[in-house]
Amino acid sequence: MLYRTIALLTALAPAIAAAAAQVGAPAPAFTVADSKGKPVRLADYKGKLVVLEWNNPGCPYVQKHYNSGNMQRTQAAARAAGAVWLTVNSGAPGKQGHMSGPQADAFVASAKARPAAYLLDASGAVGRAYAAKTTPHMFVINPAGRLVYDGAIDDKPTADPADIKTAKNLVMAAVNETRAGKPVSVATSRPYGCSVKYAG
């Protein structure tokens, strides 16, 4: 019995690995409720550029980008370029960063953020599908539904807002290059921030 269980797990491992988000491959599909309880599907945005942002308002790295207005400016620039911005919170209940729908709405309002939706992924299913590691962790999906960027918002991995002025915004570079029909010059980077507080 034990042998058969081990054999089954070994057989499943490649399929599980293959399902993980990978630049150049189709972005993992998902359906998750937003802060207002409405189901949001990635498939709803077929044919559009999509930016995914992993968020935890209590994280100093998230605060760096929100308190300075950098994340909001990036959201506005992406929206102006025709992208749909989805903010995702994969914090588990009882863990730092977890929010209810009203709390998420209050954060969005106080931060003057402009995502198309704030997604509540308390189970961590979406975060794990994308292997989201930090807050923030950013992904860009092209109109064909393929992942074209996975990594940090910029190339200055610090919590110091002063570094934003000299940083290259890797998300907007990916959005603009994709929109122009060009390959993304920096398709992956190391995300930086606080670890995503998954359940378990």
From the set of residues in the stretch 94-128 that are surrounded by fewer than 17 Cβ atoms within 10 Å (Cβ to Cβ) and touching a helix residue (DSSP H, G or I) at 6+ places or on another chain (Cβ under 7 Å), which is modelled with the lowest pLDDT? Arg114
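Give the stretch 35-61 a look and list any residue that's touching a helix residue (DSSP H, G or I) at 6+ places or on another chain (Cβ under 8 Å) and either surrounded by 17 or more Cβ atoms within 10 Å (Cβ to Cβ) or among the hydroxyl-bearing types (Ser, Thr, Tyr) (or both), or say none.
Keep residues of the stretch 35-61 that are touching a helix residue (DSSP H, G or I) at 6+ places or on another chain (Cβ under 8 Å), which gives 35-37, 49-57.
Within the stretch 35-61, Ser35, Leu49, Val50, Val51, Leu52, Glu53, Trp54, Asn55, Asn56, Pro57 meet the criteria.
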How many residues, within the stretch 174-198, are in a helix (DSSP H, G or I) and more than 18 Å from the chain's Cα centre (by Cα)? 2
Can you tell me which residues in the stretch 172-193 are crowded, with 17+ Cβ neighbours inside 10 Å, touching a helix residue (DSSP H, G or I) at 6+ places or on another chain (Cβ under 6 Å) and not small (Gly, Ala, Ser)? Met172, Val175, Val184
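Taking the stretch 40-69 only, how many residues are in contact with an Asp or Glu (Cβ under 8 Å, 6 or more places away or on another chain) and assigned to a helix (DSSP H, G or I)? Walk me through how you get there before you give the answer.
Start the filter on the stretch 40-69 by keeping residues that are in contact with an Asp or Glu (Cβ under 8 Å, 6 or more places away or on another chain), which leaves 40, 64.
Next cut, assigned to a helix (DSSP H, G or I) only: 64.
So the count comes out to 1.
Against the definition (without any contact (Cβ under 8 Å) to a residue 24 or more places away in the chain, part of a loop (DSSP other than H, G, I, E, B) and either within 20 Å of Met99 (Cβ to Cβ) or in contact with a helix residue (DSSP H, G or I) (Cβ under 6 Å, 6 or more places away or on another chain) (or both)), how does Ala21 come out, yes or no? Let's see the steps before the verdict.
Numbers: without any contact (Cβ under 8 Å) to a residue 24 or more places away in the chain: no; part of a loop (DSSP other than H, G, I, E, B): yes; either within 20 Å of Met99 (Cβ to Cβ) or in contact with a helix residue (DSSP H, G or I) (Cβ under 6 Å, 6 or more places away or on another chain) (or both): yes.
The answer is no for Ala21.
The values are calculated or read from the model by the stated rules, or taken from the named source; none is laboratory data. This one's a predicted model, so the numbers in the text were calculated from it and none came from an experiment. Note that we place each Cβ from the backbone using ideal geometry, even for glycine, and neighbour counts take in every protein chain shown.
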